[in-house]
Protein chains: 2
Amino acid sequence: MEEMETNNYFESYEDLEIHKLMLEDSARNLAYKDAIFNNKQEFLGKTVLDVGAGTGILSVFCAQAGAKTVYAVEASDTYKIAEEVAKENKFGDVIKVIHSKVENVTLPEKVDIIVSEWMGFYLLHEGMLDSVIAARDKFLKVGGLMFPESATLFATPCSVPSMYSFWEDVNGVSMTHVGPKLRAKTCQKPVCERTHPDCLLSDADNVLWLDLREVTMEELNKIEVRHLAVANKKGRYEGICLWFSCTFPSTTVEPVTLSTEPDEPLTHWKQTTIVLPSSLEVEEGSPIAYDLLLKRSDENARRYIIEVTMLDPSEVEHPEYCLCHLTKCILVRAVLDKYEKGDMECAENK
Amino acid sequence: MEEMETNNYFESYEDLEIHKLMLEDSARNLAYKDAIFNNKQEFLGKTVLDVGAGTGILSVFCAQAGAKTVYAVEASDTYKIAEEVAKENKFGDVIKVIHSKVENVTLPEKVDIIVSEWMGFYLLHEGMLDSVIAARDKFLKVGGLMFPESATLFATPCSVPSMYSFWEDVNGVSMTHVGPKLRAKTCQKPVCERTHPDCLLSDADNVLWLDLREVTMEELNKIEVRHLAVANKKGRYEGICLWFSCTFPSTTVEPVTLSTEPDEPLTHWKQTTIVLPSSLEVEEGSPIAYDLLLKRSDENARRYIIEVTMLDPSEVEHPEYCLCHLTKCILVRAVLDKYEKGDMECAENK
């Protein structure tokens, strides 16, 4: 018996370290807190479901905002901490901690609001979004609110100095043989690393936009986009940087957005980079074309396979008004600019 | 054969990630580089041994400074990278990479200088100092130089917010039950974590000072000190913070010191904290007494067992002139101050 206790203990210690990391991420905590506290009128006397409650911090925010009942569903042993935290914050009666996968839960009622911090690296990795969708379809009242309400995944071509240029001059020593050795491995899996905003080579393109009130699990099986980015400066194209943002509902004030963009204060999600096997010099105006595929792994539906296919930018379709420096786009742009100017002159002549 | 290649590859990938971490630590790299470049006259035409050369960066610094021969001894597979790095920097002839434990090496000559980056967490953890000592005794000429030449381990009582106060208010939520759970584990092993300078409660005391020209392995078997620190501010005594500094020889300019003090820019060593099982309020002037023991593990001589024993400050010996607020020390201090003032007055009267 004592030995089992110890084993359980160590299991939950690993969990604890991860929860510590998340709880120390105050950008994350405060986005939820602000979104909930800015909308106290929505929570007052209402019933809330917290999917994957962890240590219960979001459940406490909801209770503090005036929720009548919060169902805090947590499948791991961390539910014990959520119970203690609920009591410690005098919400032992409001917060009902349920030790279960949300898929197996039965609740005595439907809920007005679902809150969940389900986002993984590059939004979908190890994500619990499937569970949130299942919970929504089963437990959310018609017209109920989702916190967050929408999520967007972004991608931008970038340079990756830690895998490339860093090794060209390590305090005066050339180590270019090391880069390829690192890349041989990192090209096989995404790298979770901070990307400096200066490393981004283009404006962000959307990979995915999810309306969390409506998205279905099937929509998450395979995400496939073709991007034509245009470099907004000279640089080295060495990877695709991914990040996400989530937006919370609000009827009264500016909706809160939790963003993991390189420009924003660093969160525990950092950014995710798909490192390319080779470096390519680009100029301001260079078109960069690639297909990005995120597909559930056959072995584990909670994991994704990410594939980047580099395309010849001259062989893919460009937008009608394209800022790239390919001759065709320059010509079309000139014509369109002239037309627009003409229109304006016409308008002015009237 | 191909499978073996793959296995080796993965082994060295783990190593690579660690070397990346170290090479990204430019405070570390530049301390060695500056120490070596400031003393080029010592390196010019000389023979150097680099103990645990890793990727070979220090060997290249020595070659750049004009060394005739650098023996770069590396026991792990990383020696292959050191070979490539030597060639890439045009020192393939100067740097002789030797794939071996330094204890098993035979060199054709004695060396003028030993360089080594052997320091582990809290100086001694997983340290290779034993190897450096063995190499020194076997290969260093009489009067030869050690880079670094001395090392000091420091200790100071500190507060540990990540294990204590953080949990009292996580963005408005009380989680005091989590702290003890984390501490139950962290009290069993030192924590490698950045300590904010504000968390230090007293001036640093020396645990250990090593003259690397003379230290013996036996001196490293057991380090035992009794510290009486005096709190220089009000705070919570929750741990002992350990860090180290190393000093390099110099005959001409100010010697270079590589310091991992909380006040200095963060290195990959961060600081090491021994977390105490409970928090104790101290006032400015409170005496804090403890015994600190670092003892080689019986199972693995490269690892240390660290023991902190908290002592009753009224039962240990205080320095003659002690700044603590115990009545006896206040009285003695008053008398000594008076005497000193008297002496000065006498001196002035003369």
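The values are calculated or read from the model by the stated rules, or taken from the named source; none is laboratory data. Just so it is clear, the structure is predicted and the values come from calculations on it, not from any experiment. Positions of Cβ are backbone-derived with ideal geometry, glycine not excepted, and every protein chain shown enters the neighbour counts. Areas reflect the complete protein model, heavy atoms only, side chains present, ligands, DNA and RNA absent. Shrake-Rupley method; radii C 1.70, N 1.55, O 1.52, S 1.80 Å.
Per-structure values
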{"quantity": "Residues (hydroxyl-bearing (Ser, Thr, Tyr) and more than 12 Å from chain A (Cβ to nearest Cβ)) located in region B:166-202", "calculated": "B:THR195, B:SER202"}
{"quantity": "Residue in region A:244-272 that is nearest to A:SER26 (Cα to Cα), counting only those that are assigned to a strand (DSSP E or B) and open to solvent by less than 10 Å² (accessible area, probe 1.4 Å)", "calculated": "A:LEU258"}
{"quantity": "Scan of region B:68-100 for residues that are open to solvent by 20 Å² or more (accessible area, probe 1.4 Å), in contact with a Ser or Thr (Cβ under 7 Å, 6 or more places away or on another chain) and at pLDDT 95 or above, ordered by number", "calculated": "B:LYS68, B:GLU88, B:ASN89, B:VAL94, B:LYS96"}
{"quantity": "Tally of residues being within 18 Å of B:SER100 (Cα to Cα) and surrounded by fewer than 24 Cβ atoms within 10 Å (Cβ to Cβ) across region B:43-65", "calculated": "2"}
{"quantity": "For B:LEU140: the one exception among (1) within 14 Å of chain A (Cβ to nearest Cβ); (2) surrounded by fewer than 22 Cβ atoms within 10 Å (Cβ to Cβ)", "calculated": "(1)"}
{"quantity": "Pick from region A:104-121, criterion in contact with a Lys or Arg (Cβ under 7 Å, 6 or more places away or on another chain) and of a type in the set (Val, Ile, Thr), ranking: nearest to A:LEU145 (Cα to Cα)", "calculated": "A:ILE113"}
{"quantity": "Subset of region A:277-294 (residues that are in a loop (DSSP other than H, G, I, E, B) and at negative phi)", "calculated": "A:GLU283, A:GLU284, A:SER286"}
{"quantity": "Residue check, B:ALA134 touching a strand residue (DSSP E or B) at 6+ places or on another chain (Cβ under 6 Å) and either on the phi < 0 side of the Ramachandran plot or assigned to a helix (DSSP H, G or I) (or both)", "calculated": "no"}
{"quantity": "Number of the exception - A:GLY45 against (1) of a type outside the set (Lys, Arg); (2) modelled with pLDDT of 95 or more; (3) under 25 Å from B:GLU168 (Cα atoms)", "calculated": "(3)"}
{"quantity": "Hey, B:GLU149 touching a Leu at 6+ places or on another chain (Cβ under 7 Å), open to solvent by 20 Å² or more (accessible area, probe 1.4 Å) and more than 14 Å from chain A (Cβ to nearest Cβ) or not", "calculated": "yes"}
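Rundown of residues vs (1) open to solvent by less than 40 Å² (accessible area, probe 1.4 Å); (2) of a type in the set (A, V, I, L, M, F, W, C), yes/no style:
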residue	(1), (2)
B:TYR164	yes, no
B:LYS185	yes, no
B:THR195	yes, no
B:CYS199	yes, yes
B:LEU208	yes, yes
B:LEU212	yes, yes
B:VAL225	yes, yes
B:LYS233	no, no
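Residue-wise test of (1) basic (Lys, Arg); (2) at pLDDT below 95; (3) open to solvent by 50 Å² or more (accessible area, probe 1.4 Å).
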{"residue": "A:GLU284", "(1), (2), (3)": "no, no, yes"}
{"residue": "A:PRO287", "(1), (2), (3)": "no, no, no"}
{"residue": "A:TYR321", "(1), (2), (3)": "no, yes, yes"}
{"residue": "A:THR327", "(1), (2), (3)": "no, yes, yes"}
{"residue": "A:GLY342", "(1), (2), (3)": "no, yes, no"}
